[in-house]
Amino acid sequence: MLQRHRRRRGRAPRQAAREVVQQPEPGDLPRPPLPGRRRLPVPDGPRRRLRVVLGVVGQAGRRPEQPAHRLLARLSAVLIAAGSVLAVPATANAAPCPSGSLCVWRDVNFTDPEGKVFASSGDDEWWESWIADEDSSWANHGISGPGIKDHVIVHAEAIQWPSDGGERTICLAPGQEVAHNADANDRGDAHVWAKQF
């Protein structure tokens, strides 16, 4: 007996669906549905493709291993972490100086005949004898932030009452390194941290 198929508005005739049954492999066990949730049918077409691309449903119409909100949370955490890493200024400091410190060397280009470096993270109103009036290069690796004293003022005299330190020999902004300055060379005796010059 032959069956006739009617064509409806340009559609191809329906063909009998063949059911293909695949035998599950030993490691593939069906996942039980999540408690309290029903599985909704996934629409076919552009919406389904968009949901598959966004990871809302898997390729076969099932939920992926991780729900979309978890994927989104992980992705945003990674982007925030990457953004915070990128927000930190990457300075290629030539001078070997600890973070948060003013460093002073006796010779130009951040060198010292004995390999010494004077490093101070706070005010020093009277430098040690080996560096006083021997300074030739300076680096300000102070930490910046709102309300933080991050500028350095080097004075020509020790700051002892009644002296206020006298003339300023050199002033350093945060991150500034000076390999040599003829006007300030061998004149520093003290320094203070300030919010600005």
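Each value in this text was obtained by applying a stated rule to the coordinates, not by laboratory testing. Remember, predicted model here, so these are calculated numbers, not experimental data. All Cβ positions, even for glycine, are placed from backbone atoms using ideal geometry, and neighbour counts span all protein chains on display.
Expressed as a fraction of 2.2 N^0.38 Å, the value expected for a compact globular protein of N residues, the C-alpha radius of gyration of region 133-197 is 1.10. Once the convex hull of all Cα atoms in region 91-194 is built, its volume per residue stands at 86 Å³.
Would you order Asp183, Asp123 from fewest to most other beta-carbon atoms within 10 Å of each residue's own beta-carbon?
On the way: Asp183 7, Asp123 15.
Listed from fewest to most nearby Cβ atoms, that is Asp183, Asp123.
Loop-resident GluC sites (Glu not before Pro) (DSSP state other than H, G, I, E or B) in region 100-197 with no more than 13 further Cβ atoms inside 10 Å of their Cβ: Glu114, Glu128, Glu167. When Asp189, Asp107, Asp164 are sorted by how many other C-beta atoms sit within 10 angstrom of their C-beta, beginning with the fewest, the order is Asp164, Asp107, Asp189.
Cut-off is 10 Å between beta-carbons; in what order do Phe118, Phe197 appear when sorted fewest neighbours first?
Working: Phe118 22, Phe197 10.
Sorted ascending by nearby Cβ count, the order is Phe197, Phe118.
Remark: region 123-139, residue by residue, has Karplus-estimated 3J(HN,Hα) of 5, 10, 8, 7, 5, 5, 5, 6, 10, 4, 6, 10, 6, 10, 8, 9, 9 Hz, where x stands for each Gly or Pro and the curve is 6.51 cos²θ - 1.76 cosθ + 1.60 at θ = phi - 60°.
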